Every structure is written in structure tokens, then in C-alpha cells.
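What follows is a short report on a single structure.
Values in this text are rule-based calculations from the coordinates and carry no lab data. Source: prediction; values computed, not measured. Note that each Cβ is placed from the backbone with ideal geometry, even for glycine, and that neighbours are counted across all protein chains shown.
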Amino acid sequence: MKVRVWLVHPLVLRVSRIVLAAVMLMAAVPKLMDPPGFAQAVFAYGLLPMALVAPLALTLPWLEALTALGLVLGVARRSAATMILFLMLIFIGSLGFNLVKGNPVDCGCFGASQVQKTKEQRLFDMKLAMLRDVGLALLALHALLAPSRKPQ
């Protein structure tokens, strides 16, 4: 089976969207449950002025949850996939910027971590988070570029 045919197979498209939506929802829920903890994670990145940290910590989890629902329900699927792709690129860039600076941050991807880790462990975790986000960006791109209906 050719790769293109396999990539646009309806079952593959559906599973891809469900996996992406599940990850986005799993990322949103802990942040929704602990806004102050997520705000601390956002602050640690050192990329935003203090005045924007709390608004971002309060709105980003809702955006993640809504895009997940959009993907699963098929409501504005392309818009949801575009937003997720945009978010993944921002997450990759933010992690990469801090990695280059040698600033080991808890990514805050699935809520604030309660485990104490060494600097080397956190830097390694950041690399893994970047790889995961690249994979999620590819899933978002797949959902975005997939045909709306089965090719004739």
C-alpha cells in the first residue's frame, strides 16, 4: 500500500485526530485544575512579561481543551488543527530557547511536576518534550492537510 493512500485512509485519519485530541485534553485538564501551578511553569520560561503570565495560564488550557473537542467532534477541524500546530510550534520554540540558554524548566505540559530533578534530568526531559511536540505537530499537520472527505 502506498504511503499517501495509507495516510488518507479514513481510519488512519480518525485515529490520528483522536490521539491528538486525547493528548491535548490530557494536557489541558491538570492545568485547569491548578492555574497557579501552571502560571509558575509559564513564568519559569522567562519569555513573557509578568502581566501576561496569569492571563495565559488561565486561557491556554481552555484553548487546548476546545481544540481537542473541535478535532474529535469534527467542528472546525481544520481551524482546531491549525491552532494545535501553531501551539506546538510555540511550545517547541519556547523549550528550544530555554534549552539553548541552559535554563532547565519544567515544561508544564501536563501540569506542574511535583518531582524534584537535577538540572541534567530536566534538560533531558525538555529534549523529550520537544520530540513529543514535533510528533504532535506532525499529527496536527496531518489533520490539517487531510482531505475533507474520501477521495473519489
Helix-only [θ] at 222 nm, the chain, -39500 (n - 2.57) per DSSP H run of 4+, per residue, nearest 500, equals -26000 deg cm²/dmol
Expressed as a whole number of Å, what is the distance separating the alpha-carbon centroids of the stretch 21-43 and the stretch 54-132? 9
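What order do you get for ILE92, ILE18 when you list them from fewest to most C-beta neighbours inside 10 Å? Mind showing how you got there, number by number?
Details: ILE92 18, ILE18 13.
By the 10 Å Cβ count, ascending, the order reads ILE18, ILE92.
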Charged-residue dipole, Cβ positions (Lys, Arg, Asp, Glu), the chain about Cα centre, Debye nearest 20: 680
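Can you give me the span-like helices of the chain, meaning DSSP H runs with 15 Å or more of Cα extent along the axis and Kyte-Doolittle mean at or above 1.6? Could the numbers behind the result be given before it?
On the way: long enough: 10-33 (34 Å, 1.69); 50-73 (35 Å, 1.84); 77-101 (36 Å, 1.32); 119-145 (39 Å, 0.66).
Going by DSSP H runs, the hits are 10-33, 50-73.
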Which of the lysines could a cross-linker bridge to LYS127, judged by Cα under 23 Å and excluding same-chain residues fewer than eight apart? LYS31, LYS101, LYS117, LYS119
Taking Lys and Arg as +1 and Asp and Glu as -1, residues besides ALA44 with C-beta under 15 Å from its C-beta add up to +2
Exposure-ranked with fewest Cβ neighbours within 10 Å first, THR82, THR67 stand as THR82, THR67
For Rg/Rh (Cα atoms, Kirkwood Rh), pick the label among (i) 1.09; (ii) 0.93; (iii) 1.02 that corresponds to the value derived from the coordinates. (iii)
